[in-house]
Amino acid sequence: MHDLIADTLAAHVRVIQRLDRLMPQIERFAERAWACLRDGGRVFWMGNGGSAADSQHLAAELVGRFERERPGLASIALTTDSSILTSVSNDYGFESVFTRQVEALCRPGDLLVGLSTSGNSANVLRALERAGELGVYRVGLTGGTGGRLGACCELCLVVPDASTARIQEAHILIGHILCDLLERRALAGEAPAGELGAD
């Protein structure tokens with residue numbers, strides 16, 4: 001048992017250390033997300049299973065707070081409304097569960113983040129394709145070879161590992177870095193549109 005724990009911790013550290021190669025992409029992610037929020041847009045999140053949980057976790061960090069008191073930041077997880085998820089799945093099929101929400105909620109200037117550890121989740125890919133047609137900026141969080149996700153996004157962050165668990169751990173770290181950067185921007189006096197009121 002001791003060896004298993006030690007091996008898992010070592011594998012986690014190796015993956016996290018390799019994230020330094022994604023620093024330019026993380027910076028670009030933060031810049032695009034801030035531009036979206038500053039101009040009155042919303043940051044949407046979607047994924048399946050653990051990635052669904054990560055989506056609502058990160059949306060909650062932005063709407064509530066990460067580490068500091070500041071105005072709420074507009075963010076929505078498309079994974080949380082059981083009535084929408086079940087009705088769309090029943091009426092249109094599970095592959096449309098995010099696409100329908102994108103069509104109803106997203107508008108040009110918004111940002112949509114698709115999480116898929118394989119990069120091949122059909123419902124995530126379909127929603128990203130539709131978001132592109134609507135003028136929504138698209139970010140992918142994936143791992144391994146990246147799968148098909150990169151072809152559906154303006155920006156795709158590929159965690160350099162094949163383990164689902166290690167990829168998800170890295171996604172949360174990337175998400176927390178994003179939340180920290182956005183929170184700092186909000187507190188620097190550059191409030192998002194809607195917080196400033198009429199000029």
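Give me the accessible area per residue for the chain, probe 1.4 Å, as a whole number in Å². Let's see the in-between values first.
Numbers: 9490 Å² over 199 residues.
Result: 48 Å² per residue.
Could you put E169, E61 in order of accessible surface area, largest first, with the 1.4 Å probe and the full protein assembly present? The partial results should precede the final answer.
Details: E169 65, E61 35 Å².
Largest accessible area first, the residues go E169, E61.
Roughly speaking, what is the stretch gain from H176 to T145, that is 0.36 nm per residue apart minus the C-alpha to C-alpha distance, in nm to one decimal?
Details: separation 31, 0.36 × 31 = 11.16 nm, distance 2.31 nm.
This chain segment gains 8.8 nm when fully extended.
For n ≥ 4 DSSP H runs only, could you compute -39500 (n - 2.57) per run for the chain, divide by its residues and tell me the 222 nm figure to the nearest 500? Don't skip to the answer; put the middle values down first.
Details: 7 runs with 101 residues, N = 199.
Value at 222 nm, helices only: -16500 deg cm²/dmol.
Mind telling me which of F94, F44, F29 comes out most flexible in a GNM of the chain, alpha-carbon contacts under 10 Å?
F94
For the chain, which whole percent of the accessible surface, found with a 1.4 angstrom probe, sits on carbon and sulfur atoms? It would help to have the intermediate numbers written out before the result.
Working: 4980 of 9490 Å².
Carbon with sulfur: 52 percent of the solvent-accessible area.
Taking the Cα centre of the chain as the origin, how large is its charge dipole in debye, to the nearest 20, when only Lys and Arg (+1) and Asp and Glu (-1) carry charge on their Cβ atoms? Display every interim value, and only then the final one.
Working: 19 positive and 25 negative charges, 52 e Å.
Dipole of the chain, to the nearest 20 debye: 240 debye.
In square nanometres, what is the average projected area of the Cα convex hull of the chain? Mind showing how you got there, number by number?
Working: hull surface 49.4 nm².
Average projection, Cα convex hull of the chain: 12.3 nm².
Would you grab the residues whose amide H sits under 5 Å from the one on F44? Only those 5+ places off in sequence or on another chain, please, with H modelled 1.01 Å from N.
I76, L111, L112, V113
How large is log10 I(q)/I(0) at q = 0.17, 0.24, 0.26 Å⁻¹ when the Debye formula is applied to the Cα atoms of segment 1-81, each weighted equally and without solvent?
The Cα Debye sum returns log10 ratios of -0.88, -1.14, -1.17.
Please build a GNM for the chain, connecting alpha carbons under 10 Å apart, and tell me which residue among S55, S89, S118 fluctuates the most.
Ranking S55, S89, S118 by mean-square fluctuation puts S89 first.
Apply 1/(1 + (r/R0)^6) to the Cβ-Cβ distance of H57 and M1, taking R0 = 35 Å, and write down the FRET efficiency to the nearest 0.05. Before the final figure, lay out the partial values.
Working: r = 29 Å, r/R0 = 0.82.
Step by step, r from the Cβ atoms, then E = 0.75.
So for segment 92-179, Kirkwood radius off the Cα pairs, Stokes-Einstein at 25 °C and 0.890 mPa s: how many µm² s⁻¹?
Numbers: Rh = 13.0 Å.
D, rounded to a whole number, is 188 µm²/s.
In debye, nearest 20, what is the charge dipole magnitude of segment 1-77 about its Cα centre with +1 on Lys and Arg Cβ and -1 on Asp and Glu Cβ, if you could check?
That gives a dipole near 280 debye.
The values are calculated or read from the model by the stated rules, or taken from the named source; none is laboratory data. It should be emphasised that the depicted structure is a prediction, and the values quoted were computed from it without experimental measurement. Cβ sites come from the backbone with ideal geometry, for glycine too, and all protein chains shown count toward neighbours. For the accessible areas, the whole protein counts, side chains as well, though only heavy atoms, and no ligand, DNA or RNA atoms are used. Shrake-Rupley method; radii C 1.70, N 1.55, O 1.52, S 1.80 Å.
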